[in-house]
Amino acid sequence: MEQFLQAGIIGISLGAQYALLALGFTLIFGILGVVNFSHGGFYMLGGYVAYACVDRLGVPYPVAVLAAVGTTAALGWVFELLLIERLVDDHLATLMLTLGLYLVMSTAMLEVFGPLAMDFRFPITGALRFGPVYAPLENLVVLGICLTAIMGLWLVLFRTDIGRALRALADDRAVAMAQGLRPKLLFPAAFALATGLAGLTGALVTPILSLSPGVADPVLATSFLTVILGGLGSLGGAALAAFIVGIVEAYSSVYFGGSIGALILFVLVLLLLVFRPTGLLGREVRGA
Amino acid sequence: MSGSLLPRARLLGGAEIAAILVFAACFAVPMMTKSVLVFSVLNQALVGVVAAQSVWIMLRMNLMSFASPAFMAIGGYTVAIAGQYEITNVFLLTAAAFILPALVAIPLGALVLRLRGTYFVLVTFVLSQIMQLLLFETPGLTGGSNGISGIPPVNVLGTDMATNRQVVLFACGIALLATVITACLTRYFKQHFAAIEENEILAESLGLVVWRYKALGFVVAAGIAGLAGFSLVTMLLTAHPSSFDSGTAVDFIAYTIIGGRASILGPVVGTALMVYATNLFGTHGQYAQGLYGVLILVVVLALRGGIVGTVETLVRKLRGAS
Amino acid sequence: MKLQYSALALAAALGLSTAAQAQNCELKIGAMGPMSGGAAQWGLAMAGATELAAAEVNSAGGIKMGGKTCKVVVVPYDSKYTADAAAAGSNAFAAQDIKLIVGPVGSPEATGIKPVAARNEQLAWNAAYAKNALEPKFPLMFHIAPGPAVWSDTVIKAAMKVFPMKTVALIAPNDQGGTDIASVDAEAYKANGVTTTEEYYQRGTTNFAPIVTRILAAKPDVVDTASSPPGDAGVIIKQLRLAGFTGAIGRLGGPGTDEIVRVAGGLDVVQNFYWFETVATDEPKVKEIDALYKKMLGKDPVGGTALWADLPAARMTLKAVAAAGTDDAKAVAEALRKLPVEDPNMGKGYWTGKKQFGIAQELHFPFGVGIIKDGKNLGVARQEAKPD
């Protein structure tokens, strides 16, 4: 029983992290139609920026997290405006651009910070204990921030003009533009929002786990898996799928072991694709 | 261009013939030099080019596949396992290395090809990760994390391909075969692939049975990747999971994009240059990834045709000027 | 880096020109290992150790080969921790007529280089803990240091004196680098009357909380991180402590204690820890190597204790070249097998490997067992090598 509860706690905290990542990933796809291969790179970059601020500049950790969000969002904005923007209608070209950017980013991090894991710690440690079951404080903090960020994102998208504009662009770009929406401003904004979320997740999660140039690849793979499951471009689907992936990962790893757990997730996703090729909450995918 | 009004007018175009001639010429290299370094770099390039052609076939239809390492693994492990039963006949092994991955690709294709382009990318990425897990989880068949070592050399008409030179000659043969298959396929269905690349929905509404050509391309691309796996395993004498890591898919895609995706010479030129450049980095292997990244950005932003496309345009301009 | 190496070789040569009057030829030897990526440290250590051994020989006037006195030149190669790159490295060395290779490091690399080096008739060393690190059918392959089959029993016995244990849970990645070691460790624990469970995770796992929960369900006295990469082992320890695990944590696997403690969050978090060290790192004689390196090569060594462990292999290779009077791989291998296992810094050791691999081509020097108790580092105790 305690194992069951413990797995549930782990699953939810994993799910919250995955949700932040998958929301950004699916946001970029939904609005711009871009598959962002550099998403894991922005997670890694967020971690390194926060680390550099704390370790090299002596800034307090919460400020460092904000700096990481700002840096990754700014870089996302610039990258979209200067590079993606020119080719935004060509899916394959934008995919390759983000892949190229990712390769450059990871080489740069390797060059600057070296291959070894950094000494980067979360300022809060300890755990809440309920008998044999525990919830690490740092995970609770991250969970809180994740849920707040998800709520904030929801508010932005559904309660503000910019959000309405973004969703209109995602629904039908041609119609939205005909009605006077300006993608020149909105596209970079959406991209920056998404990369900022990835940077936030990186800044929050890497000090809890570890920070090395290798952390980006698994993040990318998990984001892929989550959005395939949730339905590419669907925000609700991404959030739902993120918690499913987190909980399945936690329970299968606890009850069947680490490598079988990964295989179960993959098989689950493949099976879903047989029966629902558009994912849980996905619509017919835009023509590619 | 010729053939645009008359589909299938000519079986092979200039680029295809040039690509085939390149690999025919490769047979001469081992006769001209004894340098093990030349053999080694050439051999790596000959393996890479076959894998890049597998990627290129799918790119003809605007589909980017990350699944090539998975099919390479099927081809490579087929040969390694056959070797344990002392099956070394080159014709038997070549057929098996092509056909088995192609057979596996049929049900997978039925599943994956229902998906539009972007989804396809993500799912093929996941497929190559599943293959890694399957290799680890089946130690009885694939040797698990240890892989299979001590594979006997391939036997070509009574001769064992045991020396570096012979292995390079064998790799030339596989590359030539893969190029001929790729050239025939993409040339024969040139119009169909082009129609799918241009606008799949339009092609479908005009009566083209799109899934049929996509499935055919996927299956042949899987077979070609299997041949690359065969060539790789023969070069290393070992089938090891790390050789089929999902990350290597990025390399093959980079070769193809940088070389140019419009012509079959693209993957050939791209692979040759990138393998050569990677070897130049020596102890600084990590920079190769950065170089790929920069070159991909440059090609996508500035030189849309890749190296081959850019050279073609230049030549055309020069001709026009003169 | 290449520039640096050649510049150093040049500096060494210039500084010692009086001693090196007779140098009229070059002996090139290869140094191979991962010099980029997460395991870069180990490959750089291999190159550093070979550089140091070469500098020692060069400062003593060079090496005599067939009537000539030759200067030793080290050529490094990045084998990227993959089978493919190691095989390509063997070929790249063959192209430069290099017949002796110090390295590679990891199991995939060792698997990759074996058949190709045999085809190229090269002598190579590897530092992998794989179950097939040596094979009788590859007589030119040597082993830098023994795997867990040789030392795990000693480490367990030393650890049990400090941390009594009845049950151990081993955790390692699900690939060759993990399974080949954890399964051998488990046998050794069982031989000491300890019940074991083995747990393997997918390489690339970043959050170990579910696996930690799984391990702790069995309530083990000790968790052993075997050969998990140091970064992973650090996270595992951090999450074990968070989950309320208070028992000792072992590491019968690779080096990297410093990085583990750093990632885990310091000695206070780690609390109770024991680990295997390839060499007796607290011995003054062993520590001298760093100063020696600085003196001979004019820069700080990289690679930490791994460099110390690799050094004897590089030194003995050059000794064997001198004894054979040639760099022909077969002749050097023959001479090497006859050399007594001795090193100025490590002390006396043995050729082992006959029992485990059927071929006695493994260097076995005194090694160390490190203990951290109640958050205090008690240091690394020297353990004598034993013959097979």
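Every number in this text was worked out from the coordinates using simple rules, so none of it is lab data. Keep in mind that this is a model prediction, so the values were computed, not measured. Ideal geometry is used to build each Cβ from the backbone, glycine not excepted, and the neighbour counts take in all protein chains shown.
I'd like the orientation of helix C:305-324 relative to chain C: the angle between its Cα long axis and the longest Cα principal axis, in ° from 0 to 90, rounded to 10.
Around 30 degrees separate the two axes.
Around B:Leu113, which amide H atoms from residues at least 5 apart in sequence, or from another chain, sit under 5 Å from its own amide H, with H modelled in the peptide plane?
Excluding prolines and chain starts, which carry no amide H, there are no hits.
Enumerate the calculated ³J(HN,Hα) couplings along region A:51-57 in order (Karplus 6.51 cos²θ - 1.76 cosθ + 1.60, θ = phi - 60°), each rounded to whole Hz, writing x wherever the residue is Gly or Pro.
4, 4, 5, 6, 7, 8, 9
For chain C, which span is the longest to avoid every loop-located (per DSSP) member of trypsin sites (Lys or Arg not before Pro) having at most 16 other Cβ atoms inside 10 Å?
Details: sites that count: C:Lys137, C:Lys166, C:Lys299.
Longest stretch, sites excluded: C:1-136.
Could you state the angle between the C-alpha long axis of helix C:107-119 and the longest principal axis of the C-alpha atoms of chain C, as a value from 0 to 90 degrees rounded to the nearest 10?
Approximately 30 degrees, to the nearest 10.
Report ³J(HN,Hα) in whole Hz for each residue of region A:250-258, in order, from the Karplus equation J = 6.51 cos²θ - 1.76 cosθ + 1.60 where θ = phi - 60°; Gly and Pro get x.
5, 5, 5, 5, 5, 9, 10, x, x
My understanding is that a pair violates if its Cα-Cα distance is over 20 Å; which of C:Lys157/C:Lys190; C:Lys80/C:Lys330; C:Lys161/C:Lys287; C:Lys319/C:Lys354 do that in this structure?
Where the Cα-Cα span goes over 20 Å, the pairs concerned are C:Lys80/C:Lys330; C:Lys161/C:Lys287; C:Lys319/C:Lys354.
Looking at region B:49-98, which chymotrypsin sites (Phe, Trp or Tyr not before Pro) are in a loop (DSSP not H, G, I, E or B) and have at most 11 other Cβ atoms within 10 Å?
Here the chymotrypsin sites (Phe, Trp or Tyr not before Pro) that fit, given the DSSP loop and packing criteria, are B:Tyr85.
Which residues' amide hydrogens lie under 5 Å from the amide hydrogen of C:Lys28, considering only partners 5 or more residues apart or on another chain, with H built in the peptide plane?
Result for C:Lys28 returns C:Val73.
Could you run the Karplus curve 6.51 cos²θ - 1.76 cosθ + 1.60 with θ = phi - 60° over region C:345-350 and give me ³J(HN,Hα) per residue in whole Hz, x for Gly and Pro?
Taking θ as phi minus 60°, the curve returns 9, 8, x, 9, x, 9 Hz for region C:345-350.
Hey, in the GNM for chain A with a 10 angstrom Cα cutoff, which one of A:Phe256, A:Phe29, A:Phe122 fluctuates hardest?
Judging by the Gaussian network model, the answer is A:Phe256.
Which value at 222 nm does chain B reach when only helices count, each DSSP H run of 4 or more adding -39,500 (n - 2.57), with the total divided by all residues and rounded to the nearest 500 deg cm²/dmol? Don't skip to the answer; put the middle values down first.
Details: 15 runs with 233 residues, N = 322.
About -24000 deg cm²/dmol.
Using only alpha carbon pairs under 8 Å that are at least six residues apart, calculate the relative contact order of region C:234-388 and give it in whole percent.
With pairs under 8 Å counted, the relative contact order is 25 percent.
Largest first and in whole Å, what are the equivalent-ellipsoid semi-axes of region A:19-119 based on the Cα gyration tensor, each being the root of 5 times an eigenvalue?
Sorted largest first and rounded, they come to 26, 15, 11 Å.
Kyte-Doolittle mean at least 1.0 and Cα extent at least 15 Å along the axis: which DSSP H helices of chain B qualify?
Taking the DSSP H segments of chain B (at least 15 Å long, mean hydropathy at least 1.0), we get B:14-26, B:36-59, B:90-112, B:117-137, B:164-188, B:210-236, B:248-259, B:265-280, B:286-301.
Scan region A:58-136 for chymotrypsin sites (Phe, Trp or Tyr not before Pro) in coil per DSSP, keeping those whose Cβ has at most 15 other Cβ atoms within 10 Å, and list them by number.
Listed in order of number, the matching sites amount to none.
Angle, helix C:176-191 long axis vs. longest principal axis of chain C, Cα atoms, 0 to 90°, nearest 10?
60 degrees
Mean residue ellipticity at 222 nm from the helices of chain A, using -39,500 (n - 2.57) per DSSP H segment of n ≥ 4 over the full residue count, to the nearest 500 deg cm²/dmol?
Estimated from H runs of four or more residues: -25000 deg cm²/dmol.
Quick one: C:Ile101, B:Ile258, B:Ile20, fewest Cβ neighbours within 10 Å first, how do they rank?
The most exposed by this proxy come first: B:Ile20, B:Ile258, C:Ile101.
Which values, in whole Å and largest first, are the semi-axes of the equivalent ellipsoid of chain A obtained as the square root of 5 times each eigenvalue of the Cα gyration tensor?
Calculated on Cα positions only, the semi-axes equal 29, 24, 18 Å.
Counting helices only, and only those DSSP H runs with n ≥ 4, report the 222 nm mean residue ellipticity of chain C as the sum of -39,500 (n - 2.57) divided by its residues, in deg cm²/dmol to the nearest 500.
Computed mean residue ellipticity for chain C: -14000 deg cm²/dmol.
So what is the relative contact order for chain A, in percent, with contacts set as C-alpha pairs under 8 Å and at least six apart?
37 percent
Run the numbers on chain C and let me know its relative contact order in percent, using alpha-carbon pairs under 8 Å that are six or more apart.
It rounds to 17 percent for chain C.
Per the Kirkwood treatment, what hydrodynamic radius in Å, one decimal, follows for the protein assembly as shown from the mean inverse distance over all distinct Cα pairs?
Value: 29.5 Å, from the Cα pair sum.
Counting other beta carbons within 10 Å of each Cβ, put C:Thr278, B:Thr271 in order, fewest first. Write down the numbers at each step before the final one.
Working: C:Thr278 20, B:Thr271 28.
In increasing order of surrounding Cβ atoms, one gets C:Thr278, B:Thr271.
Long-range amide H contacts for C:Ala169: which residues qualify at under 5 Å (H placed 1.01 Å from N, peptide plane, sequence gap of 5 or more or a different chain)?
C:Thr197, C:Val222, C:Val223, C:Asp224
Taking neighbour Cβ counts within 10 Å as the exposure measure, how do B:Val49, B:Val156, B:Val308, A:Val274 sort from fewest upward?
Starting with the residue having the fewest Cβ neighbours, the order is A:Val274, B:Val156, B:Val308, B:Val49.
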